């Protein structure tokens, strides 16, 4: 049985009051709740303040290029299907630089979990608008206001039939812990978009602002209804729903590949030297 102590305690480089602190605690609690030992888990991150979160965990970690956590996570899961693989980074890293990888991971339905620290700003590079910043957001880089509409990752994931789509809030730690645990348990691609304040560079979306605008989904809500889920995902800023927005039983990449030539080609079975030589002879 794993404990919080198994995942360590480290000094961080985050600003006091940052939402990353509570997200890190929720992640640790979810790993314990899911009874996962540190050696059974791989965290993959990109670049940014959120991408530092796995550095503060005693677990397997790969810290790569900006926006490129999902390709590495995909490769790791294909190489070792028994490993619990979690990609963790920020909104700019995953939806900006890594936007195409985000779409590809949903399409393939790889059995990995994506945790996105969504603070609606680029924190590490000092405050320019990110893909999820609201239209009109004023920063040093956009003094006249952000001219672009915000990207809605939850709506996009729902439209593309991602297996598990949730939105959490850093200020609701117990609720967020449960969402992360559900995401890890889901067989297929899971997204948890986590709303969090950036106390240094986003003075609009504060803890108190989110507490006023976030609403937990009712127990009667049906997340298996895609059209209803899309309506919820498209709700405006006056009522930001948090909880499991959408889920389905779409077969994961591994489930679809089992017993097929894809399973052999993508390493979902033990290494086969004869097959390897056959593939080499075919292509070379």
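The values are calculated or read from the model by the stated rules, or taken from the named source; none is laboratory data. All values reported here derive from a predicted model rather than from experimental measurement. No Cβ is skipped: glycine too gets one built from the backbone with ideal geometry, and neighbour counts run over all protein chains shown.
Annotations for the structure displayed:
- Residue match in region 95-108 (condition: touching a strand residue (DSSP E or B) at 6+ places or on another chain (Cβ under 9 Å) and within 25 Å of residue 39 (Cβ to Cβ)): yes
- Selection from region 39-70 of residues that are assigned to a loop (DSSP other than H, G, I, E, B) and either under 13 Å from residue 10 (Cβ atoms) or in contact (Cβ under 8 Å) with a residue 40 or more places away in the chain (or both): 46, 47, 48, 49, 57, 58, 59
- Yes/no for residue 85 being crowded, with 23+ Cβ neighbours inside 10 Å, at pLDDT 95 or above and within 19 Å of residue 253 (Cα to Cα): yes
- Qualifying residue in region 137-152 (condition: outside any loop (DSSP other than H, G, I, E, B), touching a helix residue (DSSP H, G or I) at 6+ places or on another chain (Cβ under 9 Å), modelled with pLDDT of 95 or more and assigned by TED's automatic domain parsing to the domain that holds residue 190): no
- Residue identified as surrounded by fewer than 24 Cβ atoms within 10 Å (Cβ to Cβ) and at pLDDT below 95 among 171, 163, 96, 123: 96
- Hits in region 181-229 (condition: in contact (Cβ under 8 Å) with a residue 12 or more places away in the chain, surrounded by fewer than 15 Cβ atoms within 10 Å (Cβ to Cβ) and either within 17 Å of the chain's Cα centre (by Cα) or part of a loop (DSSP other than H, G, I, E, B) (or both)): 185, 204, 224
- Residue match in region 74-83 (condition: part of a helix (DSSP H, G or I), assigned by TED's automatic domain parsing to the domain that holds residue 50, in contact with a helix residue (DSSP H, G or I) (Cβ under 7 Å, 6 or more places away or on another chain) and farther than 26 Å from residue 33 by Cα): no
- Check on residue 270, more than 29 Å from residue 21 (Cα to Cα), modelled with pLDDT under 85 and outside any helix (DSSP H, G or I): yes
- Exactly one residue among 24, 36 is in contact with a helix residue (DSSP H, G or I) (Cβ under 8 Å, 6 or more places away or on another chain), surrounded by 16 or more Cβ atoms within 10 Å (Cβ to Cβ), modelled with pLDDT of 95 or more and not in a helix (DSSP H, G or I), and that residue is 36.
- Scanning region 39-48 for residues that are over 12 Å from the mean Cα position of the chain (by Cα) and crowded, with 24+ Cβ neighbours inside 10 Å gives a single hit, 48.
- Taken over region 230-258, the residue count meeting the criterion of being within 17 Å of residue 186 (Cβ to Cβ), outside any loop (DSSP other than H, G, I, E, B) and touching a strand residue (DSSP E or B) at 6+ places or on another chain (Cβ under 9 Å) is 5.
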